[in-house]
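**Student:** Please read through the structure below; I'll follow up with questions.
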Amino acid sequence: MTFTTRLKEEISKNTNNEIENRWILEAFLKYNSKVSDNITLTLENASVTRFIYKIIKETLGVQPKIIVRVQKRFRVKQIYILEINERIDYLKEMINDVPVLDSDEEKVAFLKGAFLGVGNVSNPKTSGYHLEYILDSEADALDIAKLLNEFNLNAKVIKRGYKFIAYIKMSESISDLIKMFRAIRSLFEFEDTRIYRDHKNMVNRLNNCELANQEKTIQSGLKQLDDINYLKSNDLLSLIDEKTKIVITYREKYPDVSMQELADIITMETDYKLGKSGVNHHFRSIKKIRENHENIKNKEGSKNE
């Protein structure tokens with residue numbers, strides 16, 4: 001069972017007042033009905049079907065005809081069809097009218113009914129967060145997005161094939177909408193997963209940062225050892241002072257540690273108190289000696305040519 005299915009089932013099992021049921025039904029009919037000589041609703045969720053059937057019966061005073069079909073394409077599943085053959089003119093007017101929603105209660109109920117009909121939310125355990133309303137017209141998508149944005153949910157609209165999608169991607173906004181739907185169990189599931197994923201992502205970022213720092217430390221150590229070996233191979237150690245020689249000795253002994261760690265080790269094991277900037281100063285001096293020697297060699301080579 002998908003997260004969307006669980007969420008819709010929880011919404012359909014909540015108790016609503018008459019005003020909420022009226023707007024849930026209007027949104028559901030507006031975006032999820034086929035109008036001809038009768039009104040036809042096609043659903044895949046048994047719990048939502050029972051809920052909508054009950055609202056139609058209690059709100060409109062009509063009893064829809066229920067047809068159950070088994071669909072075998074891709075996977076076997078039951079399709080529920082509700083046919084309404086009474087009060088058709090009234091229902092057509094309800095479907096075609098622009099809803100006038102005065103209170104937050106009515107707006108949330110309308111969004112809830114639309115979600116039951118054409119809504120979908122990605123599994124929070126997968127990558128990315130995404131809740132959408134899949135609609136037939138751009139005008140409908142803009143209406144839903146406008147309604148969502150009245151609650152500061154940062155909704156946007158895109159076209160996908162022949163459909164228009166009103167969607168929200170921020171995890172906090174999706175969580176807020178689920179909370180407005182009063183789907184507490186689904187909200188806890190979503191939040192638990194979000195907290196776990198955020199923690200996991202933070203740990204991964206820290207690990208990546210640590211690996212990058214380790215790589216940087218190793219590369220820095222290798223460059224310093226290369227400078228030291230250059231001085232040795234060219235008999236240049238006599239040009240450096242005793243403190244710099246201590247730093248060289250400990251760098252060769254601990255080639256993989258950072259400059260701060262190297263400074264701490266030298267301070268602990270010798271009488272020479274040293275900080276990271278001091279270690280860096282010594283290696284800048286070593287590098288300068290190498291550069292000066294290389295410049296002299298290059299000039300001599302140019303003269304010989």
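Any read-out appearing in this document is the output of simple, stated calculations on the displayed coordinates, not a laboratory observation. What you see is a predicted model, and the numbers here were worked out from it, not measured in a lab. A quick note on method: Cβ atoms are made from the backbone with ideal geometry, for glycine too, and the neighbour counts reach across all protein chains shown.
**Student:** Between exposed chymotrypsin sites (Phe, Trp or Tyr not before Pro) in the chain, where DSSP calls loop and at most 11 other Cβ atoms lie within 10 Å, what's the longest gap?
**Tutor:** Between the exposed loop sites, the longest stretch runs 163-305.
**Student:** In segment 83-119, which trypsin sites (Lys or Arg not before Pro) fall in coil by DSSP and have 15 or fewer other Cβ atoms within 10 Å?
**Tutor:** The qualifying sites are 87.
**Student:** A follow-up question, please. From the C-alpha coordinates alone, can you work out the Kirkwood hydrodynamic radius of the chain, in Å?
**Tutor:** Numbers: mean 1/r = 0.0398 Å⁻¹.
Averaging 1/r across every pair of different Cα atoms and inverting gives 25.1 Å.
**Student:** Separate question: Mind listing the phi-derived Karplus ³J(HN,Hα) values for segment 21-28, rounded to whole Hz, using 6.51, -1.76 and 1.60 with θ = phi - 60°, and x for any glycine or proline?
**Tutor:** Once θ is set to phi - 60°, the couplings for segment 21-28 become 4, 4, 7, 4, 5, 4, 5, 4 Hz.
**Student:** Step by step: find N for segment 211-304, compute 2.2 N^0.38 Å, then divide the Cα radius of gyration by it. What's the final number?
**Tutor:** Dividing the Cα radius of gyration by 2.2 N^0.38 Å gives 1.17.
**Student:** What is the order of 258, 186, 36, fewest Cβ neighbours within 10 Å to most? Walk me through the numbers on the way to the answer.
**Tutor:** Values: 258 18, 186 23, 36 7.
By the 10 Å Cβ count, ascending, the order reads 36, 258, 186.
**Student:** Sticking with the crude label model, points 7 Å out along Cα→Cβ, report the distance from residue 288 to residue 209 in nm, one decimal please.
**Tutor:** 3.4
**Student:** Turning to a different aspect of this structure: Could you give the angle, 0 to 90 degrees to the nearest 10, between helix 3-13's Cα long axis and the longest principal axis of the Cα atoms of the chain?
**Tutor:** Between helix and principal axis, roughly 40 degrees.
**Student:** Whole Å is fine, so just give me how far the alpha carbon centre of segment 1-47 lies from that of segment 143-157.
**Tutor:** Answer, in whole Å: 20.
**Student:** Check each of the trypsin sites (Lys or Arg not before Pro) in segment 220-305 and keep only those in coil by DSSP with at most 12 other C-beta atoms within 10 angstrom; list them in order. It would help to have the intermediate numbers written out before the result.
**Tutor:** Working: sites: 223, 232, 243, 245, 251, 253, 273, 276, 284, 287, 288, 290, 297, 299, 303; in loops: 273.
Within segment 220-305, the qualifying trypsin sites (Lys or Arg not before Pro) (loop, at most 12 other Cβ atoms within 10 Å) are 273.
**Student:** If you plug each phi of segment 240-248 into the Karplus form 6.51 cos²θ - 1.76 cosθ + 1.60 with θ = phi - 60°, what whole-Hz ³J(HN,Hα) values come out, in order, with x for Gly and Pro?
**Tutor:** 10, 7, 5, 5, 5, 5, 5, 4, 4
**Student:** Taking the dipole about the Cα centre of the chain, with the C-beta of Lys and Arg at +1 and of Asp and Glu at -1, give me whichever of 282, 41, 148 is farthest to the positive side.
**Tutor:** Farthest towards the positive end: 41.
**Student:** To test your reading of the geometry: what angle, between 0 and 90 degrees and rounded to tens, separates the Cα axis of helix 259-269 from the longest principal axis of the chain?
**Tutor:** The answer is roughly 50 degrees.
**Student:** For segment 165-262, count all C-alpha to C-alpha pairs, find those more than 15 Å apart, and express that count as a whole percent of the total. Intermediate results must be reported in sequence, preceding the final value.
**Tutor:** On the way: 3523 of 4753 pairs.
Counting every Cα pair in segment 165-262, those more than 15 Å apart make up 74 percent.
**Student:** Follow-up. Can you give me the convex hull volume of the Cα atoms of segment 1-77, divided per residue and expressed in Å³? Intermediate results must be reported in sequence, preceding the final value.
**Tutor:** Values: hull volume 8.5 nm³, N = 77.
Normalising the Cα hull of segment 1-77 by residue number yields 110 Å³.
**Student:** Just give me a number: lysine pairs in segment 15-97, eight or more positions apart or cross-chain, with C-alpha atoms less than 27 Å apart.
**Tutor:** For segment 15-97, the number of qualifying lysine pairs is 19.
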